[in-house]
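A.B. asks: Here it is, the structure, as structure tokens.
The values are calculated or read from the model by the stated rules, or taken from the named source; none is laboratory data. These numbers come from a predicted model, not from an experiment. Cβ placement follows ideal geometry from the backbone for every residue including glycine, while neighbour counts extend to all protein chains displayed.
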């Protein structure tokens, strides 16, 4: 089922990319020289679709990095809570092992009806 859904998304997306690339084959010059844009010393000539797809990929990566940095507080808090929970589990296991090995001498015995002094049914 998962492969079917992946194919349902990836195949149309691939077709859209191919149609976009065929429709935008014109060469454009990307200039990195802000002072001389007509004859740039630092420039690249690429098909338009490559420029647009590269900018889209860079935008997704930049957005992911920005989101990752903004969530650092929550990741730090989650690590701290996980450490606290681990410590509490260790303390609980230690307390359970202590009570299972040595019962508390101050603890009173459990008295159920018919137990204790006399052991029988009450007299009327």
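A.B. asks: Condition check: within 23 Å of residue 24 (Cα to Cα) and modelled with pLDDT under 90. Does residue 48 satisfy that?
C.D. replies: It is true that residue 48 is within 23 Å of residue 24 (Cα to Cα) and modelled with pLDDT under 90.
A.B. asks: Which one of 12, 34, 40 is surrounded by fewer than 10 Cβ atoms within 10 Å (Cβ to Cβ) and free of Cβ contacts under 8 Å to residues at least 12 places away in the same chain?
C.D. replies: Selected residue: 34, the only one of 12, 34, 40 that is surrounded by fewer than 10 Cβ atoms within 10 Å (Cβ to Cβ) and free of Cβ contacts under 8 Å to residues at least 12 places away in the same chain.
A.B. asks: Can you go through 6, 29, 67 and tell me which one is at pLDDT below 85 and part of a helix (DSSP H, G or I)? Before the answer, list the steps.
C.D. replies: Numbers: 29 fails: part of a helix (DSSP H, G or I); 67 fails: at pLDDT below 85.
Result of the check over 6, 29, 67: 6.
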